[in-house]
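A.B. asks: Sharing a structure below in structure tokens format, with a few things to ask.
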Amino acid sequence: MASSNSLPLYERFGHKNTLHKVMEFIILILLLSLLVYRLLSFNNHGLSWPIAFLCELWFTFICVVTISNKWNRVEHKPYPDRLLQRVPKDELPAVDLFVTTADSELEPPIITINTVLSLLAVDYPTNKLACYVSDDGCSPLTFYSLVEASKFAKIWVPFCKKYNVQVRAPFRYFTNNSKLSGHKNSSMEFKQEWKIVKDEYEQLSNKIEDAVRKSINPSDIIESDFSVFSNIQRNNHPTIIKVVWENKEGHSKQSVPHLVYVSREKRPKHPHHAKAGAMNVLTRISGLMTNAPYMLNVDCDMFANNPSIILHAMCMLLGSKSENENAFVQCPQVFYDGLKDDPFGNQMIVLWKYTAQGISGIQGPFYSGTGCVHRRKVIYGLFPNNVKFGDTNPKIINNGKSTNEELLNTFGKEFTKSAADALKGKAESPDMLSKSIEAAYQVAGVGYEYGTHWGKKVGWMYGSTTEDVLTGLSIHNKGWRSILYSPNPPAFLGCAPTGGPASMTQQKRWATGLLEILLSENCPIFGTLFASLQFRQCLAYFWILSWGLRSVPELCYAALTAYSIITNSHFLPKGQEPAYYIPIAVFVIYNMYTLSEHLRTGLSIRAWWNNQRMGRITTISAWLFGVLGVILKLLGISETVFEVTRKDQSTSSDEGTEDTEAGKFTFDESPAFIPPTTILFLQLTALATALLGLQPPARDGVGSGSLENMCSVLLVVCFWPFLKGLFGPGKYGIPLSTIFKAAGLALLFYTLCRY
């Protein structure tokens, strides 16, 4: 029998996808057949034929990339018991916890503190944890909420560990367990403590709500600490670092991990690089205070849902060969109280299940910005073949410079020793956090990064509003691998955007940032040619970075449908041609393929349809404007802006009733709603032209046919929320200004078609 020291700390399991692979190849063969048909009949048609050919060529290429992405789906299973047999709990590596928030209005403090409390209470030695909260909004409400939450944590953390509470975000725990009946622990002691903790949390919530409503002034309660927030502006203020709670007890049943509040310096004329800049400041401050070899970062709404997640992640990071294989462990983004049947198509369940698991079988999943455990060494730019930092490291020593000189140029003067210790694997940190406060202020200043490599070669990378994907790409370029870990229950739970505007804001930011990477020096093609990015991983990155570009062929294809009907021409095969059945077969088999993915994931047919419909809406709205934003940036007309997505905390219980209005599509004055509204008007106009017999005589006797009409009807069905929005009241209706602009564009298109 093998000893516990020889057994692996985690295992990797593959999935057989025979049926899906067969369907994927059938779809690919059909698309190739359609391209051959186009080429063989190129000379017999007008401009619509080459446009359709280019669109279908793009669809075929994406099909090839998708097949590559999903070819080798894998999962990972950790064995924490083996880790604890090999490494005593008090010798486990330290982990710094990062929570980022940027706007106390869009990201309410009650959400942030629940995330913080869930992290403070994870099943890991408390003396090995330190939680750093970055407040890029410099909000006194956020600081006040953390101070109050730290008091509650002193009873919440021991309560969770004493009774092995599984859900450690109190708002979820007390909402889903509002009544004690049926609880596994029915002892009188537990009931009394449960009631005390619940009452304390309600008081905490009321205090924060009162502060948010301005009924109390936080400075009346914490005057000495609150004075630093007086006379400051959100984008023009000095650094504020506050040790909210310092754990001086070590690891005990009653102790609580360190908690530090950080609001970095901001000045109007200095770039602060949005979330990437905030993450780099947290990295430097934590490097001076605790310098843990591992870092977990989450968004303010992604609370720890699985209390063992850090221990599980350690299995996969400590168990990799010589620690020179896996750079980070990425957990899927899963959402709590998601709307039934995913009406906005943003819960991404199928994407994480199939595409992410497939990419995990190549070089590893992308870094998605939250729910990820990193090696600090890797964030500092270390290569896999140089896990032991020393004088022979060719990636650090250049042009005869000494190690210290290169460290100074790379990390900055105040951070040199901390970076050297981390790269060498030393986890030295001050006995008291307050000893490093002065140095922490220096590394958080706006001018600290000038003349260093922060954001270029080390830390979170600058140059894109999707800094997460760019940072992950830079790590994969060095040859590192990553791991996708999908535990049950999910590691983290967050809140998905609800409503049309919030979903469009998020999707537009993604499309913009991803395209910025593709059209920059960070393009993954260069990573494959000149670095260590695997070719199939390059294809995977191209798949995600080109999201915005997909809007162009989809928009052209939708416009071709209306054009063909209005002009009584055709761009799809006619009924008497054998090729007539190719588009029909592609449509049927593709929808069977995607439907099977949703059903096997446990989703409903309605959820499948909502995702298909929102795929068309998002592509022709948010993604299209993401492309336009990048074009304006390249032309020097405007800069891209990091837009924060509104977070709304759901408080519905398991037994609660769902808001009947929650799944309805909402609109605002955003120009992103103009293109889909225009496409809807075009399809309605085209169908009306055909039904009323207003089409001109067909050229060469071959006019539009049934396939064009079916495509047009399908598009109207896909844009049904916009059709309802034409007549909807209030926020459920499309603004008149958007309707008039879309109608004008549709009229212009119709007029040009006629001439």
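A.B. asks: Which members of the range 501-539 meet the condition of being in a helix (DSSP H, G or I), touching a residue at least 60 places away in the same chain (Cβ under 8 Å) and over 18 Å from the mean Cα position of the chain (by Cα)?
C.D. replies: ARG536, GLN537, LEU539
A.B. asks: Also, quick follow-up: Name the residues in the range 319-347 that are more than 21 Å from GLY381 (Cβ to Cβ) and either among the aliphatic types (A, V, I, L, M) or outside the structural domain of ASN385 (by TED's automatic domain parsing) (or both), would you?
C.D. replies: The answer is VAL334, LEU339.
A.B. asks: Let me ask another. Would you point out which residue out of ASP90, ASP96 is in contact with a Ser or Thr (Cβ under 6 Å, 6 or more places away or on another chain) and either buried (at least 23 other Cβ atoms within 10 Å of the Cβ) or in contact (Cβ under 8 Å) with a residue 24 or more places away in the chain (or both)?
C.D. replies: One residue alone meets the criteria, ASP96.
A.B. asks: Looking at (1) surrounded by 13 or more Cβ atoms within 10 Å (Cβ to Cβ); (2) within 24 Å of LEU748 (Cβ to Cβ); (3) more than 38 Å from the chain's Cα centre (by Cα), which is the only condition VAL702 fails?
C.D. replies: (2)
A.B. asks: Something else now. Against the definition (under 28 Å from TYR173 (Cα atoms), surrounded by fewer than 18 Cβ atoms within 10 Å (Cβ to Cβ) and modelled with pLDDT under 90), how does SER638 come out, yes or no?
C.D. replies: Spelling it out, it is not the case that SER638 is under 28 Å from TYR173 (Cα atoms), surrounded by fewer than 18 Cβ atoms within 10 Å (Cβ to Cβ) and modelled with pLDDT under 90.
A.B. asks: Moving on. What about ASN231, is it assigned to a loop (DSSP other than H, G, I, E, B) and touching a residue at least 24 places away in the same chain (Cβ under 8 Å)? Lay out the reasoning, then the answer.
C.D. replies: Details: assigned to a loop (DSSP other than H, G, I, E, B): yes; touching a residue at least 24 places away in the same chain (Cβ under 8 Å): no.
When the stated conditions are applied, ASN231 does not pass them.
A.B. asks: Now, a different point. How many residues are in contact with a strand residue (DSSP E or B) (Cβ under 9 Å, 6 or more places away or on another chain), under 30 Å from VAL167 (Cβ atoms) and either part of a loop (DSSP other than H, G, I, E, B) or hydroxyl-bearing (Ser, Thr, Tyr) (or both) if we restrict to the range 472-488?
C.D. replies: Number of matching residues: 4.
A.B. asks: Would you call LEU40 surrounded by fewer than 16 Cβ atoms within 10 Å (Cβ to Cβ) and aliphatic (A, V, I, L, M)?
C.D. replies: The answer is yes for LEU40.
A.B. asks: Name the single residue, out of those in the range 471-503 being among the aliphatic types (A, V, I, L, M) and crowded, with 21+ Cβ neighbours inside 10 Å, that is modelled with the lowest pLDDT.
C.D. replies: Top of the filtered list is ALA496.
A.B. asks: Moving on to the next point. Of the conditions (1) in a helix (DSSP H, G or I); (2) in contact (Cβ under 8 Å) with a residue 40 or more places away in the chain; (3) out of contact with any helix residue (DSSP H, G or I) (no Cβ under 9 Å at 6 or more places or on another chain); (4) of a type outside the set (A, V, I, L, M), TYR201 clears all except one; give me its number.
C.D. replies: Against the list (1) in a helix (DSSP H, G or I); (2) in contact (Cβ under 8 Å) with a residue 40 or more places away in the chain; (3) out of contact with any helix residue (DSSP H, G or I) (no Cβ under 9 Å at 6 or more places or on another chain); (4) of a type outside the set (A, V, I, L, M), TYR201 comes up short only on (3).
A.B. asks: Right, another one. When the residues of the range 526-553 are filtered to those that are of a type in the set (A, V, I, L, M) and in contact with a Leu (Cβ under 9 Å, 6 or more places away or on another chain), which remaining residue is surrounded by the most Cβ atoms within 10 Å (Cβ to Cβ)?
C.D. replies: LEU545
A.B. asks: Could you pull out every one of the helices (runs of 4 or more DSSP H) wholly within the range 667-755 that has 2 or more residues that are among the hydroxyl-bearing types (Ser, Thr, Tyr) and within 26 Å of TYR581 (Cα to Cα)?
C.D. replies: 706-718
A.B. asks: Now for a different question. Give me the pairs: first residue in the range 52-64 and of a type in the set (S, T, N, Q), second residue surrounded by 18 or more Cβ atoms within 10 Å (Cβ to Cβ), beta-carbon distance under 9 Å, and six or more apart or on different chains, which are they?
C.D. replies: Within 9 Å, the pairs are THR60/LEU31; THR60/LEU34.
A.B. asks: What do you reckon, is PHE366 among the aromatic types (Phe, Trp, Tyr) and either within 21 Å of LYS457 (Cβ to Cβ) or surrounded by 24 or more Cβ atoms within 10 Å (Cβ to Cβ) (or both)?
C.D. replies: yes
A.B. asks: Pairs, please: C-beta under 8 Å, at least 6 apart or cross-chain, first residue over 19 Å from LEU57 (Cβ atoms) and in the range 17-45, second part of a helix (DSSP H, G or I) and aliphatic (A, V, I, L, M)?
C.D. replies: Every condition considered, the pairs that remain are LYS21/ILE67; MET23/ILE589; MET23/MET592.
A.B. asks: Let me ask you something else. Identify all residues within the range 324-349 that are in a helix (DSSP H, G or I) and at pLDDT 95 or above; write none if there are none. Talk me through it step by step, then tell me what you get.
C.D. replies: Let us first name the residues in the range 324-349 that are in a helix (DSSP H, G or I), namely 349.
Those that are in a helix (DSSP H, G or I) and at pLDDT 95 or above: none in the range 324-349.
A.B. asks: Here's a follow-up. Before we move on, is ARG38 part of a strand (DSSP E or B) and not hydrophobic (A, V, I, L, M, F, W, C)?
C.D. replies: On the way: part of a strand (DSSP E or B): no; not hydrophobic (A, V, I, L, M, F, W, C): yes.
For ARG38, the condition - part of a strand (DSSP E or B) and not hydrophobic (A, V, I, L, M, F, W, C) - is not met.
A.B. asks: Regarding PRO524, is this residue modelled with pLDDT under 95, in contact with a helix residue (DSSP H, G or I) (Cβ under 8 Å, 6 or more places away or on another chain) and farther than 29 Å from ALA292 by Cα?
C.D. replies: No, not satisfied.
A.B. asks: For the range 350-376: of the residues being among the aromatic types (Phe, Trp, Tyr) and assigned to a loop (DSSP other than H, G, I, E, B), which is farthest from ILE309 (Cα to Cα)?
C.D. replies: In this case the residue turns out to be PHE366.
A.B. asks: Where in the range 45-160 are there strands (runs of 3 or more DSSP E), lying wholly inside it, with at least 2 residues that are of a type in the set (A, V, I, L, M) and closer than 18 Å to THR290 by Cβ?
C.D. replies: Answer list for the range 45-160: 95-101, 129-135.
A.B. asks: Also, quick follow-up: When only residues in the range 47-86 that are hydroxyl-bearing (Ser, Thr, Tyr) and out of contact with any Lys or Arg (no Cβ under 6 Å at 6 or more places or on another chain) count, which is farthest from TRP547 (Cα to Cα)?
C.D. replies: TYR79
A.B. asks: Which residues, counting only those in the range 564-620, are within 23 Å of LEU30 (Cα to Cα) and outside any helix (DSSP H, G or I)?
C.D. replies: HIS570, PHE571, LEU572, PRO573, LYS574, GLY575, GLN576, GLU577
The values are calculated or read from the model by the stated rules, or taken from the named source; none is laboratory data. What you see is a predicted model; the values in this text were computed from it and never measured. Virtual Cβ from ideal backbone geometry, glycine too; neighbours counted across all protein chains shown.
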